[in-house]
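Notes for the one structure printed next.
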Amino acid sequence: MPDVRLGTGPGRWILLATVLGSSVAMLDSTVVNVALPRLAENLHADMAGLQWTVNAYTLTLAGFILLGGSLGDRYGRRRVFLVGVVWFAVASVLCGLALNVEMLVLSRALQGVGGALLTPGSLAIIQASFASDDRPRAVGAWSGLGGVAGAIGPFAGGWLVEAAGWRWVFLLNVPLAAVVVLVAVRHVPESVDPGARGRFDVPGAVLAALALAGTTYALTEAPGGRTAPAVVGAAAVVGVAAAVAFVLVERARGRGRRLFGGRARRAGREVPQPMLPLEVFASRQFSAVNAVTFIMYGGMGVMFFLFVLNLQVVGGFSPIAAGTALLPVTVLMLLLSARAGALAQKIGPRLPMTAGLLVAALGMLLVGRIGKDSAYVRDVLPPVVVFGLGLAAVVAPLTATVLATADVRHAGVASGVNNAVARAAGLLAVAAIPPLAGLTGDAYNDPARFSHGFHIAMTSCAALLAAGAVLTFVTVSGDALRAPTGEPVEPECRSHCSVGAPQLQPEPETVPAARPAPDGTRTSPPRP
């Protein structure tokens, strides 16, 4: 039984290891965007190369994060967490030593695999280590400190790019990872899920990753004209075919488990477990909220990718000034997310989500006006604040609604699905929207061309968020956060659950409800 107390020495060491470990991955994802112009110049990368620098990491992280959580349950959460940290550090060294953009993209994909192993383990360790009455405070401390890391990341990245060069954005991960390994080996207890059994859904994980890879490649390469149409078409076919095969495999596994699970268990045989139980989508509300998530995080992913680039390429901002430009968004999220979650409990999620999406869309339209000779206080800060206010209003109600509208048996799967949807949305939108807006080839070397494409992209993203607001108002129930008794449902988190990795093992037949999943919450949205 977990019995570590938060205020004790062991508790502090566990919190340090988990916060610093997850922050390594989070810092890397926030600081890379700041370094894009400099690394593009040094490695002679075009816009597609920059897209792949961002997307390669997201692709493997989204494709394998569910499997990473399951491996921790089966083979030891600390063990898999440590493997992920070391893997991430080695991949970071390869990124820092990259000789060309192809080597960098491949190394970023390896980083994503490491992130998929370490990210779900951080909160799973907290869940398994702390006493039950200390667990909420431990998770709160983890979330708050993680938010601080997210706020520091762009500033630190900008400073590193200016003072030491873009390669140190990646090499900085190595000493941080070394500290995590030393602390975890000495002070973090090992834990496993004794009920974790059954066969891993490796085909499901591979098909999901292949579907994302094929689709992303086709969307990224098609507009540029540098790749043969036959190759682009083949990638698109592979992506679509893998997506269809994924649905069929998951449906077959789920049906087989329902029909033959009990008989197989009594015979002592393992039962194949679907990575994604499709019955979780039986709730119309759950499906609708995930559709809103896809739309919203698609637009957000493009903004986070292009915003810092635009400030440097068009506005002439230094890396450190561009990196800190979005700091108000993080601050507003930290200050207002809990209040937004409480308001959604009182009046329902429909109105806060609708209003938040519309305000964020307005912020994106204003951001699209940032151009040459823009001043931070006059031209950048106001739209960033508007965008941050909208974001703070929507993410907590959205996450709470996702968890409240899924069957209680699938609580862990629900947050994992929502996280995967958010990451896939950013991945696909970053691949598709910039090329469609004319940001291809060496557009980052032409400020006028980049400014025009940035305006088109931000207008498109604002339209996406406005469509999400309409979808929310039409489909999301005002009572989605109320139990059948009429009492408000206390959300498991008041901000977006950006770490989702539900268990992939079959549940024991004698247990009526699903076990707690090794996933958790963050106070800031996932960043590309």
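The values are calculated or read from the model by the stated rules, or taken from the named source; none is laboratory data. Nothing here was measured: the structure is a model prediction, and the numbers come from that model. Virtual Cβ from ideal backbone geometry, glycine too; neighbours counted across all protein chains shown.
Might you check whether a residue that is surrounded by fewer than 19 Cβ atoms within 10 Å (Cβ to Cβ) and not in a helix (DSSP H, G or I) occurs anywhere in the stretch 79-89?
The answer is no; no qualifying residue exists.
For M300, are the conditions met, namely being modelled with pLDDT of 75 or more and either more than 22 Å from A432 (Cβ to Cβ) or in the same structural domain as G426 (by TED's automatic domain parsing) (or both)? Answer is yes for this residue. Within the option set A424, A414, A432, being among the hydrophobic types (A, V, I, L, M, F, W, C), at pLDDT 85 or above, outside the structural domain of F64 (by TED's automatic domain parsing) and buried (at least 23 other Cβ atoms within 10 Å of the Cβ) holds for one residue only, A424.
The condition (being closer than 27 Å to M333 by Cβ, part of a helix (DSSP H, G or I) and not assigned by TED's automatic domain parsing to the domain that holds T215) is satisfied by just one residue among R74, R108: R108. Of all the numbered requirements in (1) crowded, with 22+ Cβ neighbours inside 10 Å; (2) of a type in the set (F, W, Y); (3) farther than 14 Å from Y297 by Cα, F387 misses one, and that requirement is (3). Beta carbons closer than 8 Å, at least 6 apart along the sequence or on distinct chains, pair a first residue in the stretch 346-366 that is farther than 15 Å from A392 by Cβ and assigned by TED's automatic domain parsing to the domain that holds A463 with a second that is buried (at least 22 other Cβ atoms within 10 Å of the Cβ) and among the polar types (S, T, N, Q) for R350/T472. When you scan the stretch 336-345, do you find a residue that is touching a Pro at 6+ places or on another chain (Cβ under 9 Å), surrounded by fewer than 19 Cβ atoms within 10 Å (Cβ to Cβ), modelled with pLDDT of 95 or more and not assigned by TED's automatic domain parsing to the domain that holds W142, even just one? No: zero hits.
For the stretch 391-409, enumerate the residues that are outside any loop (DSSP other than H, G, I, E, B), of a type outside the set (A, V, I, L, M, F, W, C) and either at pLDDT 85 or above or more than 21 Å from G341 (Cβ to Cβ) (or both). Let's see the steps before the verdict.
Within the stretch 391-409, the subset outside any loop (DSSP other than H, G, I, E, B) is 391-405, 408-409.
Filter once more, keeping what is of a type outside the set (A, V, I, L, M, F, W, C): 397, 399, 401, 405, 409.
Correct list: P397, R409.
With the structure loaded, tell me whether A375 is farther than 29 Å from L145 by Cα and free of Cβ contacts under 8 Å to residues at least 60 places away in the same chain or whether it fails that test.
yes
If you go through the stretch 26-37 and keep only what is of a type outside the set (S, T, Y) and either modelled with pLDDT under 80 or not assigned by TED's automatic domain parsing to the domain that holds A91 (or both), you end up with M26, L27, D28.
The set of residues in the stretch 309-335 that are surrounded by fewer than 23 Cβ atoms within 10 Å (Cβ to Cβ) and more than 30 Å from N445 (Cβ to Cβ) comprises V331, L332, L334, L335. Contact list please: Cβ distance under 9 Å, first residue in the stretch 2-26 and under 20 Å from G146 (Cβ atoms) and in a helix (DSSP H, G or I), second residue of a type in the set (D, E, K, R) and modelled with pLDDT under 85, pairs at least six apart or on different chains. Matching pairs, first to second residue: G11/R5; G11/D134; S22/R522; M26/R522; M26/R527.
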